[in-house]
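Take this structure first; my questions come after.
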Amino acid sequence: MRLTRTLQSAAAVAALLAISACGSSDSGGSSASPGGNGFNPPDLKAQTELGKTEGQVNLVNWAGYVEDGSNDPKVDWVSDFQKQTGCKVNSKVAASSDEMVKLMKTGEYDAVSASGDASLRLIASGDAAPVNTDLVPNYKNVFDDLKLQPWNSIKGTAYGIPHGRGANLLMYNTKKVKPAPTSWSAVFDDAASYKGHVTAYDSPIYIADAALYLKNTKPELKITDPYALDQKQFDAAVDLLKKQNVNVGEYWSDYLKEISAFKSGDSVVGTTWQVIANIAESEGAKIKAFLPDEGATGWSDTWMLSAKAKHPNCAYKWMDWIISPKANAQVAEYFGEAPANSEACAETSEKGFCDTYHAGEAEYWKKVAFWRTPIEQCLDGRTDVKCVPYTKWVQAWTEIKG
């Protein structure tokens, strides 16, 4: 198993600041129309048919997404792809969304496993091409609430193939946190009860977690999208996090450190991922992780095709392969995420895997606000105010942590 959901840098959003708003969505499972409010990417056309495969495909990906057995002989979904298609896979692991965008701009890569902020930048810059989903047979079995979402489509045109998703959960020590929490209040308004033992995700995007909490507890702020905050809403979220800071024992980015902290009792409550909770519990930590009443933030990744792809036919073959039931099950289990293909659940080695990760639970994902990068043009569709761009989130995060 490999966890590499890397923190985003301030540089990762520079290209976004000049982009018009990318539509609105109140959650990952919403049916809001993406690409509204003046967002008009270059007029590129999707491929209409597949030609002869070119013999290779060059991929940019998160670590753990393209495994050929070299890291672990038991983990390999690339070798069979190469045998069946004749397309040799060349994989470049990227450490951040910023690196992914830079690499795709070179024109040397055919496809990328982009997270939400990178996907919109690639579309806006013309580096990503529309995708003809009819050329991806396994697309038909992708969960409906992953199709044509604000981070992978524009005005009904698909710009990628969904790969997988995950939620940012609340985890607590069942022996030391009583009564059992039901709300994010455990790490915000009630954090003083666990002073010095609260943990939080170490990234400016965590400001969205505070905004999501305020959306539910301070309706007078009128927050509709945790990634679209005007100055007043943003200041309220920052103030909440500054108050939280005095109770935080550690901000985490290394999953091993979070597991160790929960096992030792140094941390008793905070944000986590399902796969981290699974490992911690298997190693003896007395914990429970769940989606609180207010919902949560989360992430969803998309395989996108380069507009300059030199091997587009092999790239299409790869996109279809990686969401085929068996391969999608393999990568989901290895990485620790919910698969995109509904038929992958029957292929996982752990038969209860999809239940644990809520793979097909549409109502569950409606409560998850998937990561997107904030820009001045409010992502919730407002035009009468400017929203706080991510560069300001980065500055505020430094102040929050002191």
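Checking Leu50 against (1) over 14 Å from Leu305 (Cα atoms); (2) at pLDDT 50 or above; (3) assigned to a loop (DSSP other than H, G, I, E, B), which single condition isn't satisfied?
(1)
Let me ask something else. Please go through region 157-177 and give me each residue that is closer than 23 Å to Ala124 by Cα and of a type outside the set (Lys, Arg), ordered by number.
Thr157, Ala158, Tyr159, Gly160, Ile161, Pro162, His163, Gly164 - these are the residues of region 157-177 that are closer than 23 Å to Ala124 by Cα and of a type outside the set (Lys, Arg).
Of all residues being touching a residue at least 24 places away in the same chain (Cβ under 8 Å) and in contact with a Leu (Cβ under 9 Å, 6 or more places away or on another chain) in region 249-265, which is surrounded by the fewest Cβ atoms within 10 Å (Cβ to Cβ)? Just the residue, please.
Ser253
Of the conditions (1) within 17 Å of the chain's Cα centre (by Cα); (2) closer than 19 Å to Glu67 by Cβ, Thr348 fails just one. Which one is it?
(1) is the only condition that Thr348 fails.
Residues of region 266-277 being out of contact with any Lys or Arg (no Cβ under 7 Å at 6 or more places or on another chain) and either small (Gly, Ala, Ser) or surrounded by 18 or more Cβ atoms within 10 Å (Cβ to Cβ) (or both), which ones?
Within region 266-277, Ser267, Val269, Gly270, Thr271, Thr272, Trp273, Gln274, Val275, Ile276, Ala277 meet the criteria.
When you scan region 63-73, do you find a residue that is within 18 Å of Gly336 (Cα to Cα), more than 19 Å from the chain's Cα centre (by Cα) and at pLDDT below 95, even just one?
yes
Could you give me the residue pairs with C-beta distances under 6 Å whose first residue belongs to region 168-183 and is farther than 17 Å from Ser260 by Cα, whose second residue is part of a strand (DSSP E or B) wherever it lies, and which are 6+ apart or on separate chains?
That search, which allows pairs on different chains as well, returns Asn168/Thr271; Asn168/Ala296; Asn168/Thr297; Asn168/Gly298; Leu169/Thr272; Leu169/Ala289; Val177/Val269; Pro181/Tyr172.
Hey, another quick one. Filter region 372-386 down to residues that are in contact with a helix residue (DSSP H, G or I) (Cβ under 9 Å, 6 or more places away or on another chain) and crowded, with 23+ Cβ neighbours inside 10 Å and give me whichever is nearest to His163 (Cα to Cα).
Arg372
Let me ask something additional. Please specify each residue of region 345-360 satisfying the condition of being at pLDDT 95 or above, farther than 19 Å from Ala289 by Cα and in a loop (DSSP other than H, G, I, E, B).
Within region 345-360, Glu347, Thr348, Ser349 meet the criteria.
Could you tell me how many of the residues in region 114-147 are acidic (Asp, Glu), over 27 Å from Asp98 (Cα atoms) and touching a residue at least 40 places away in the same chain (Cβ under 8 Å)?
The qualifying residues number 1.
Go through region 202-221 residue by residue and tally those that are in a loop (DSSP other than H, G, I, E, B) and at pLDDT 95 or above.
Residues that pass the stated criteria total 1.
Separate question: If the Cβ limit is 7 Å and pairs must be 6+ apart or interchain, which residue in region 86-108 that is in contact (Cβ under 8 Å) with a residue 12 or more places away in the chain and under 19 Å from Ala128 (Cβ atoms) pairs with which residue that is outside any strand (DSSP E or B) and of a type in the set (Val, Ile, Thr)?
Cβ pairs passing all conditions: Ser91/Val66; Ser96/Thr6.
Suppose we filter Gly64, Gly107 for residues that are surrounded by 15 or more Cβ atoms within 10 Å (Cβ to Cβ), part of a loop (DSSP other than H, G, I, E, B) and assigned by TED's automatic domain parsing to the domain that holds Phe335; which single one remains?
Gly64
If I filter region 136-163 down to residues being in contact with a Phe, Trp or Tyr (Cβ under 7 Å, 6 or more places away or on another chain) and not polar (S, T, N, Q), which single residue comes out as surrounded by the most Cβ atoms within 10 Å (Cβ to Cβ)?
So the residue we want is His163.
Filter region 19-47 down to the residues that are modelled with pLDDT of 95 or more and either among the aliphatic types (A, V, I, L, M) or in contact with a Ser or Thr (Cβ under 8 Å, 6 or more places away or on another chain) (or both) and list them by number.
Of everything in region 19-47, those that are modelled with pLDDT of 95 or more and either among the aliphatic types (A, V, I, L, M) or in contact with a Ser or Thr (Cβ under 8 Å, 6 or more places away or on another chain) (or both) turn out to be Leu44, Ala46.
Run down Ala236, Ala285, Ala261, Ala289 and say which single residue is at pLDDT 95 or above and either under 19 Å from the mean Cα position of the chain (by Cα) or in the same structural domain as Gly160 (by TED's automatic domain parsing) (or both).
Ala289
One residue is enough: does region 293-301 have a residue meeting the conditions in contact (Cβ under 8 Å) with a residue 24 or more places away in the chain, surrounded by fewer than 23 Cβ atoms within 10 Å (Cβ to Cβ) and part of a loop (DSSP other than H, G, I, E, B)?
Yes: one or more hits.
Within region 319-344, count every residue that is closer than 23 Å to Pro150 by Cα and in a helix (DSSP H, G or I).
Final tally of qualifying residues: 6.
Could you tell me which of the residues Thr224, Thr199 is at pLDDT 95 or above, in a strand (DSSP E or B) and closer than 20 Å to Gly298 by Cα?
Thr199
The values are calculated or read from the model by the stated rules, or taken from the named source; none is laboratory data. Given the structure is predicted, the values throughout are model-derived calculations rather than measurements. All Cβ positions, glycine included, derive from the backbone under ideal geometry; neighbour counts span all protein chains shown.
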